[in-house]
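Engineer: Structure below; questions to follow.
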Amino acid sequence: MCLVEANSLGVPVIAADVGWVRDLGADWIFTPGNCQMLADILDGRMQVRLNRRRGVQHISWENYATRVCAVVEELKHATKSR
């Protein structure tokens, strides 16, 4: 039941290959008892999260505000020169 609920909410699922797991649509499936396979899946998911985090580290409210102010200044100068 948890797999169905997770899928309905769009939550990724990592599950052992037992019962109806393949039919219910787990995102990542590992062989029961294969700890290395599970570890590899978890490691891969963590790498994806770390890469996403690295990709947005430069984004902050301060940087955003600085860019908005720069655009406003450009617009001021553009309207004065008309």
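Just so you know, all these numbers are worked out from the coordinates, no wet-lab data involved. For clarity, every value in this text was computed on a predicted model and none was experimentally measured. When we count neighbours, we look across all protein chains shown, and the Cβ atoms used for this are built from the backbone with ideal geometry, even at glycine.
Engineer: Let me confirm something: among VAL21, VAL13, VAL4, which residue is touching a helix residue (DSSP H, G or I) at 6+ places or on another chain (Cβ under 9 Å), among the hydrophobic types (A, V, I, L, M, F, W, C), exposed (fewer than 13 other Cβ atoms within 10 Å of the Cβ) and touching a residue at least 12 places away in the same chain (Cβ under 8 Å)?
Structural biologist: Numbers: VAL21 fails: exposed (fewer than 13 other Cβ atoms within 10 Å of the Cβ); VAL13 fails: exposed (fewer than 13 other Cβ atoms within 10 Å of the Cβ).
After ruling out the rest, the residue left standing is VAL4.
Engineer: Could you check, for the stretch 44-60, whether at least one of its residues is under 14 Å from the mean Cα position of the chain (by Cα), surrounded by 11 or more Cβ atoms within 10 Å (Cβ to Cβ) and touching a residue at least 24 places away in the same chain (Cβ under 8 Å)?
Structural biologist: Yes: the stretch 44-60 contains one or more residues that are under 14 Å from the mean Cα position of the chain (by Cα), surrounded by 11 or more Cβ atoms within 10 Å (Cβ to Cβ) and touching a residue at least 24 places away in the same chain (Cβ under 8 Å).
Engineer: Has the stretch 34-41 got at least one residue that is in a loop (DSSP other than H, G, I, E, B) and surrounded by 12 or more Cβ atoms within 10 Å (Cβ to Cβ)? I'd like the intermediate steps shown before the answer.
Structural biologist: Of the residues in the stretch 34-41, the ones in a loop (DSSP other than H, G, I, E, B) are 34.
Filter once more, keeping what is surrounded by 12 or more Cβ atoms within 10 Å (Cβ to Cβ): 34.
Yes; the residues of the stretch 34-41 include at least one that is in a loop (DSSP other than H, G, I, E, B) and surrounded by 12 or more Cβ atoms within 10 Å (Cβ to Cβ).
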